[in-house]
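Okay, structure first, notes after.
Please treat every number below as a calculation from the coordinates, not as lab data. Note that the structure is predicted; figures quoted are calculated from it, not measured. When we count neighbours, we look across all protein chains shown, and the Cβ atoms used for this are built from the backbone with ideal geometry, even at glycine.
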């Protein structure tokens, strides 16, 4: 990958992309979110509506060191293998040096509602990822194994 700065300089970085359905030891250790199955919304090849399939998908996080004295203009990721496609869901930056990837967190107020990733309101957190909306307007994602 290439980090492109606003001063027209660049820096090369390297990240490892894993297959989100891989059961390899390295992929399992690198995963930050696991147990993401798919939920059928209507009867289809996966079964009846509401059925959760048995696939155990994972999401990964990769960190790349950048020059924190410069402003990042863009990030270029090139495919180096012909047998895979990659989906990058987010790119973020931080000048904070945090060993566990989590910066300062303020305690939110009371829970107002829980939602699934497809926006359905539920009474309590579901297995996998649940979006929590608090009474102070803050939203968070939680993972329930």
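Remark: spin-label model distance residue 10-residue 127 equals 4.5 nm, labels positioned 7 Å along the Cα→Cβ axis. Taking 0.36 nm per residue of separation and subtracting the Cα-Cα distance, full extension of the segment from residue 140 to residue 75 would add 20.8 nm. Given R0 = 30 Å, the distance between the Cβ atoms of residue 113 and residue 89 translates into a calculated FRET efficiency of 0.80.
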